[in-house]
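Here's the structure we're looking at; comments come further down.
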Amino acid sequence: MSLGTFLDMHPKIQALYPELHFFNKNNNYCKGMKWYRQQMPLSSPGDIVIEKTPGYFTSRAAPKRIQQMNKNIKLIIIIKDPVKRVISNYVHWKLNQIRKRNEINHHTRSKSKLLSFEQMVFNQATGQVKKTIRMVNISMYYKYFVAWLKWFPLKQIHIVDGEKFIENPVPELKKVEQFLGVSHDLTEDKFVYDAKKKFYCMRKSSNDSHTCMGSHKGRKHPAISQRALRKLTDFFRPLNVKFMKLVGQNFSWIA
């Protein structure tokens, strides 16, 4: 998703790119806080600096390390329907596998087929969801959010509904602006809907000229059987309800 890029359009917000993976990877964390601060973008007094690394959410080490750096820091997480996220993760995995095969077999293409979505996600003997594989496990939001609440109060964590954000980013961005204590500058006129990619992009000028995220955004998903979708929905439902109760917030994809 493009939350960080959209927030970077705000005059009082400076976002860091690319993902730093400082708090979740030991080889980066051992470089120390001085190195970490040196990676931050230039900012003026009163600006808010945002560092975005999705891997922090599922990291065992990140919550404690971040709290030790700044116990008053504000945290933002954007989540989406976990079933859709599993499918997105599969698409990402498959494209990476294809790329790696092309690099290794530059002259001779591998004839072995990649696992289909259902082969990857479901145990072929039992039909059960493979809850331990990463592309499924990272969408078990309740499991990971509990760990963050051990180190931060809920009032310091803002949760963005990713499905609503895709439908129309402005209301969700306004909530983030309020959470961060900055003015509401990310208004409707800053965005335009791209019918081809099926999500909102940044408007470059008053006409229809706009800039969208790269090719990794808006990728076409494979056709998934209704049976598989129902099984995934049933698997995530109790976890979704527990998460909703934990954070005291309803989400458009929890039925």
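Of all residue pairs spaced 6 or more apart or on separate chains, those with beta-carbon atoms under 6 Å, a first member in segment 36-58 that is closer than 22 Å to GLN68 by Cβ and a second member that is of a type in the set (Gly, Ala, Ser) and open to solvent by 60 Å² or more (accessible area, probe 1.4 Å) are VAL49/SER43.
Return a yes/no flag: does segment 34-55 have any residue that is farther than 30 Å from THR233 by Cβ, among the charged types (D, E, K, R), open to solvent by less than 40 Å² (accessible area, probe 1.4 Å) and touching a Lys or Arg at 6+ places or on another chain (Cβ under 6 Å). Within segment 34-55 (the criterion being farther than 30 Å from THR233 by Cβ, among the charged types (D, E, K, R), open to solvent by less than 40 Å² (accessible area, probe 1.4 Å) and touching a Lys or Arg at 6+ places or on another chain (Cβ under 6 Å)), the answer is yes, since at least one residue qualifies. The residue that is nearest to the chain's Cα centre (by Cα), among those in segment 117-135 that are open to solvent by less than 70 Å² (accessible area, probe 1.4 Å) and free of Cβ contacts under 8 Å to residues at least 40 places away in the same chain, is ILE133. Among the numbered conditions (1) without any contact (Cβ under 8 Å) to a residue 12 or more places away in the chain; (2) open to solvent by 60 Å² or more (accessible area, probe 1.4 Å); (3) touching a Leu at 6+ places or on another chain (Cβ under 9 Å), the only one that ASN28 does not meet is (2). For segment 1-95, the helices (runs of 4 or more DSSP H) that sit wholly inside it and include 1 or more residues that are β-branched (Val, Ile, Thr) are 3-7, 62-69. Scanning segment 181-194 for residues that are exposed (fewer than 15 other Cβ atoms within 10 Å of the Cβ) and either on the phi > 0 side of the Ramachandran plot or part of a loop (DSSP other than H, G, I, E, B) (or both) yields GLY181, SER183, HIS184, ASP185, THR187.
At least 3 residues being within 30 Å of PHE122 (Cβ to Cβ) and open to solvent by less than 10 Å² (accessible area, probe 1.4 Å) is the threshold, and among the helices (runs of 4 or more DSSP H) wholly inside segment 136-180 not one reaches it. Looking at this structure, is GLN97 open to solvent by 70 Å² or more (accessible area, probe 1.4 Å), out of contact with any Ser or Thr (no Cβ under 6 Å at 6 or more places or on another chain) and without any contact (Cβ under 8 Å) to a residue 60 or more places away in the chain? It is false that GLN97 is open to solvent by 70 Å² or more (accessible area, probe 1.4 Å), out of contact with any Ser or Thr (no Cβ under 6 Å at 6 or more places or on another chain) and without any contact (Cβ under 8 Å) to a residue 60 or more places away in the chain.
The values are calculated or read from the model by the stated rules, or taken from the named source; none is laboratory data. Note that the structure is predicted; figures quoted are calculated from it, not measured. So basically every Cβ, Gly included, is an ideal-geometry build from the backbone, and we count neighbours across all protein chains shown. Areas reflect the complete protein model, heavy atoms only, side chains present, ligands, DNA and RNA absent. Shrake-Rupley method; radii C 1.70, N 1.55, O 1.52, S 1.80 Å.
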